[in-house]
Amino acid sequence: MWRNTMMRCVIHRVIQAKALRNLPCVLTQARLKHGIASAGFSRRHFKKDLLSIIDGSITPVTVTEIRQYLRDNNISFHDGYSCLQVPSPFTPSKDNLLFIDKTTGRFLCKDTLLEGTWEDFKDSMDLLRKEESSFLSPDTMTSYLGDSDSEDGERQLSNMEISRIWNKAVWFQDLEEEDAQLIKAMFNISKITNTTLKKFGVKCFQPTKSLVFPWYNPRDYTMKGLKLLSAVCQADVVDYIETLYPRPSHYHNLFGISVLGKKDTEVVITSREVDSLAIHQATGITTVSLPRGIHCFPPVLLPYLEQFKRITLWLGDDLRAWEASKLFSRKLSIKRCHLIRPGDKQPSPLKALNLGLNLNKLLKASLPASHKSIISFRQLRSDVFSQLENIEQVAGVKWTRFPELNKLLKGHRKGELTVFTGPTGSGKTTFISEYALDLCMQGVNTLWGSFELNNVRLAKIMLTQFSMQRLEEQLDKFDEWADRFEELPLYFMTFHGEQNIKSVIDTMQHAVYMYDINHVLIDNLQFMMGQEHLFSDKFAVQDHIIGAFRKFSTENDCHVTLVIHPRKEDDDKELQTSSIFGSAKASQEADNVLLLQDKKLVSGPGKRHLQVTKNRFDGDVGVFSLEFNKPTLTFTCKSKAKVKKVNKENETSDSIPNTTPPKKK
């Protein structure tokens with residue numbers, strides 16, 4: 001009790017001091033309110049693309065094709081865990097290796113830090129043969145594979161900010177003892193010694209009392225980027241805000257890589273830099289942390305982990321960290337991975353250190369990621385207990401803009417299939433974009449496949465919903481909101497119009513591997529039916545497509561939201577589950593069925609409500625009213641509206657409550 005009181009006093013004392021008066025709190029707080037991390041202290045004026053595009057035209061390459069190409073061209077290779085290793089064509093020494101990702105074909109030369117696509121690698125080899133040279137100059141390849149002028153401008157601006165912050169930051173050992181203890185108390189790292197902090201290059205940025213974690217170039221250990229961890233106090237609750245240089249999409253750092261030994265064979269991966277510090281100090285074991293925590297594991301980092309025969313993932317102390325551990329172990333090769341199961345007796349590394357637990361003992365208790373095809377309940381027992389213990393997390397990510405939806409669906413869960421439909425012109429795309437944006441703002445990595453609406457128009461809708469204002473009337477605010485919007489984990493497919501289901505699934509697989517996508521939206525199913533010639537029956541074609549999405553969501557533990565147009569029905573009738581176009585397979589395969597009811601033709605303008613007619617998670621179904629705000633393109637529940645739940649004992653599986661208002665006599 002005394003310790004907690006003292007801790008709050010310490011935090012308040014630091015945050016209320018001059019330190020945080022110099023912090024650009026307006027920008028930080030605004031970004032905190034929208035659920036995203038700050039991307040930089042100062043406004044950025046360089047030109048940037050708004051969309052993160054996943055090109056659907058990229059031809060996927062298989063590891064078999066890569067191996068065959070290497071054999072045909074007499075290129076020796078070693079088959080590693082996640083990558084194929086070949087002599088680098090960009091250095092004169094054949095001892096320097098180039099790593100080729102087995103899944104995507106992308107390559108990285110760790111000596112020169114050159115990277116590119118599989119097509120870039122093949123072009124490089126063709127150029128090498130044409131020039132009849134023993135190696136290609138890195139400078140030549142840098143210009144060939146290099147970034148655009150706008151990205152050069154961004155990098156220069158970012159490098160200036162990095163240098164300014166790093167040069168102004170100080171080592172903890174150079175701080176006054178009282179100041180050092182106060183800052184350590186803010187971040188719960190009082191037991192981390194100055195020696196450990198210095199070894200990993202951690203400094204303190206005094207103007208904001210932030211921790212500074214460096215990103216070193218692994219080739220020459222020059223400064224390549226920074227992560228600042230700052231504290232914001234609100235109502236006795238401390239939130240930790242990350243600020244990344246360069247911006248998050250370009251920040252691919254393994255913190256701790258500077259202290260790796262070339263002969264190390266065992267490593268522990270954490271989701272936070274402070275956890276890596278705790279593990280290394282307590283055990284001496286090599287440890288690194290991921291740049292985006294449990295949200296994403298960029299495949300470009302895999303080559304740096306090829307040397308390890310044993311990898312332990314200790315990503316946190318909750319269910320989402322456990323799910324991320326299992327997902328990331330697939331990229332790393334599950335045969336060499338071990339996982340730390342979250343629980344009271346196995347908390348996060350830093351918490352374990354502060355509690356005086358034996359971290360070596362906890363690491364030895366890790367579980368192998370690989371498993372047999374058949375297991376007993378005894379092996380499942382702890383998983384079942386974990387689900388019961390973390391019932392709120394099992395229910396999924398909650399919507400902040402649609403709390404009424406939480407009362408029915410309980411949350412947005414991975415591995416499920418949601419079918420969504422509504423009448424033509426009812427606002428299906430507008431609603432589903434806000435539905436997805438809400439989750440994306442909370443860190444759910446999202447991929448949009450809009451075949452009916454082009455990406456620029458869709459992005460305009462989502463940006464308006466994100467900013468909650470008409471930006472066409474306030475163009476001076478566009479850059480500010482676009483900067484914030486760009487930092488969302490949001491990606492778009494380049495498909496438009498009729499598409500082949502195989503191409504779409506291949507693109508989705510690529511996105512899941514590259515960006516750890518948790519939510520895919522397809523708008524809409526009808527645009528894929530014209531490209532399929534496997535069956536002559538259109539209903540059989542639809543069944544095949546729905547089956548493909550169902551299989552994808554289950555195998556990749558990724559939620560798929562599928563928009564399907566309803567059948568043509570009279571305007572004065574409510575939609576039902578049976579109103580979904582096609583056969584019954586859509587509603588049978590779906591975990592959730594959502595209907596956007598629109599009765600404006602009967603009851604007047606704006607009479608919309610959302611209806612949940614299927615909920616496989618716990619069976620709750622029901623309906624609630626929606627009110628559309630045209631200037632911001634957003635939906636809200638009417639202030640006096642209440643969720644109407646349906647008693648399933650008195651309803652058939654496909655029936656819905658009749659919410660049509662009674663006619664006046």
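The values are calculated or read from the model by the stated rules, or taken from the named source; none is laboratory data. Everything quoted here is computed from the prediction, not taken from an experiment. When we count neighbours, we look across all protein chains shown, and the Cβ atoms used for this are built from the backbone with ideal geometry, even at glycine. The area values use the complete protein model at the heavy-atom level, side chains included, leaving out ligands, DNA and RNA. Shrake-Rupley method; radii C 1.70, N 1.55, O 1.52, S 1.80 Å.
Ile505 exposes around 30 Å² of accessible area when a 1.4 Å probe is run over every protein chain in place. Given +1 at the Cβ of Lys and Arg, -1 at the Cβ of Asp and Glu and no other charges, the dipole of the range 241-316 around its Cα centre is 140 debye to the nearest 20. Structure note, pairs Lys326/Lys410; Lys502/Lys551; Lys184/Lys364; Lys227/Lys361: Cα-Cα distances above 19 angstrom occur for Lys326/Lys410; Lys184/Lys364; Lys227/Lys361.
What FRET efficiency would be calculated for the residue pair Thr554, Glu392, taking the C-beta separation as r and a Förster radius of 25 Å, to the nearest 0.05?
With a Förster radius of 25 Å, E is 0.60.
Legend: calculated FRET efficiency, Lys477 to Lys573, from the Cβ-Cβ distance at R0 = 41 Å, rounded to 0.05, equals 0.40. About its Cα centre, the dipole of the range 457-496 is roughly 260 debye, where the only charges are +1 on Lys and Arg Cβ and -1 on Asp and Glu Cβ. Just the protein heavy atoms count here, and of the accessible area of the range 265-306 at 1.4 Å, carbon and sulfur take up 47 percent.
Sorted by accessible area with a 1.4 angstrom probe, largest first, how do Leu453, Leu290, Leu475 fall?
Working: Leu453 25, Leu290 0, Leu475 130 Å².
Result of the area sort, largest leading: Leu475, Leu453, Leu290.
Across the range 172-181, rounded Karplus estimates of 3J(HN,Hα) from the backbone phi angles (6.51 cos²θ - 1.76 cosθ + 1.60, θ = phi - 60°) give 4, 5, 9, 7, 4, 4, 5, 5, 4, 5 Hz, Gly and Pro being marked x. Under 5 Å between amide hydrogens, built in the peptide plane, is the criterion, and for Leu114 it picks out Cys109 among residues at least 5 positions away or on other chains. Electrostatic bookkeeping for Lys191 treats Lys and Arg as +1 and Asp and Glu as -1; over the other residues with beta carbon under 12 Å from its beta carbon, the sum is +2. Applying 1/(1 + (r/R0)^6) with R0 = 30 Å to the Cβ-Cβ distance of Gln206 and Val300 gives a FRET efficiency near 0.35. Length gained on full extension, Asp179 to Ala365, computed as 0.36 nm times the residue gap minus the Cα-Cα distance: 63.2 nm.
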